[in-house]
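Engineer: Below are the structure tokens for one structure; questions will follow.
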Amino acid sequence: MTAGRIPSVEGGIQPTLLTTKGDLISATAASTVARLPVGSNGTFLVSDSTQTTGLVWSASAIAATTTTAASGIGYMGLPQNATTTGAATIAAADAGKHIYSTATRTITIDSNANLALPVGTTITFVAGSGATVTIAITTDTMYLAGPGTTGSRTLAAFGMATAVKIASTTWIISGNGLT
């Protein structure tokens, strides 16, 4: 295949060149070149089935609706973990979520050796009315923001705390109602 030429869809070579920024090849008709205009700096592509290319440039974040938690690109809310009672160990699916506890329990952050979450992983803990949550750590280290003390932490009722993984085996946690 010659560089810049559209590959064959049904056995023949198409001589049309992609010559301009934004040229796209139709997956169903290789002889058709659609042109997507180049967007302005700071804009992003959004799918739009009314457009020939199926794409359109957008200059602003999509507004929140009754089915999205916040404005912006991607999910900007803090999804809730469905588990609300009983002892639990953090799983990969908990990353970027909050764990709401309605009863007293222990939630354990497992070691990096058992669950290698990426640095930057954030998990928020919320204790409901009458719930006390122990946030435990196994063999890794969890520092309390401020004094820098290590070990398990207790989150009082109506408390909220966020743990952030800052190195492969190190977490830092802070929040209200956290001791």
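The values are calculated or read from the model by the stated rules, or taken from the named source; none is laboratory data. None of the values given here were measured: they were computed from a predicted structure. Cβ sites come from the backbone with ideal geometry, for glycine too, and all protein chains shown count toward neighbours. Surface accessibility is based on the protein's heavy atoms, side chains included, excluding ligands, DNA and RNA. Shrake-Rupley method; radii C 1.70, N 1.55, O 1.52, S 1.80 Å.
Engineer: If I filter region 80-105 down to residues being assigned to a loop (DSSP other than H, G, I, E, B) and β-branched (Val, Ile, Thr), which single residue comes out as most open to solvent (accessible area, probe 1.4 Å)?
Structural biologist: Filtering region 80-105 for residues that are assigned to a loop (DSSP other than H, G, I, E, B) and β-branched (Val, Ile, Thr), the one most open to solvent (accessible area, probe 1.4 Å) comes out as Thr104.
Engineer: Within region 125-164, can you find the residues that are touching an Asp or Glu at 6+ places or on another chain (Cβ under 9 Å) and among the charged types (D, E, K, R)?
Structural biologist: Once the filter is applied, which keeps residues that are touching an Asp or Glu at 6+ places or on another chain (Cβ under 9 Å) and among the charged types (D, E, K, R), region 125-164 yields only Asp140.
Engineer: Let me ask something else. Yes or no: Gly148 more than 25 Å from Gly77 (Cα to Cα) and either without any contact (Cβ under 8 Å) to a residue 24 or more places away in the chain or within 19 Å of the chain's Cα centre (by Cα) (or both)?
Structural biologist: Yes: the conditions hold for Gly148.
Engineer: Among the residues of region 163-177, write down those that are under 18 Å from Leu115 (Cβ atoms), open to solvent by less than 50 Å² (accessible area, probe 1.4 Å) and touching a strand residue (DSSP E or B) at 6+ places or on another chain (Cβ under 8 Å).
Structural biologist: Ala163, Val164, Lys165, Thr170, Trp171, Ile173
Engineer: Right, next: Which is of a type in the set (Ser, Thr, Tyr) and within 11 Å of Leu178 (Cα to Cα), of Thr102, Thr154, Thr141?
Structural biologist: Thr154
Engineer: Quick one: which residue in Gly159, Gly148, Gly130 is open to solvent by less than 40 Å² (accessible area, probe 1.4 Å), part of a loop (DSSP other than H, G, I, E, B) and not basic (Lys, Arg)?
Structural biologist: Unique residue meeting the criteria: Gly148.
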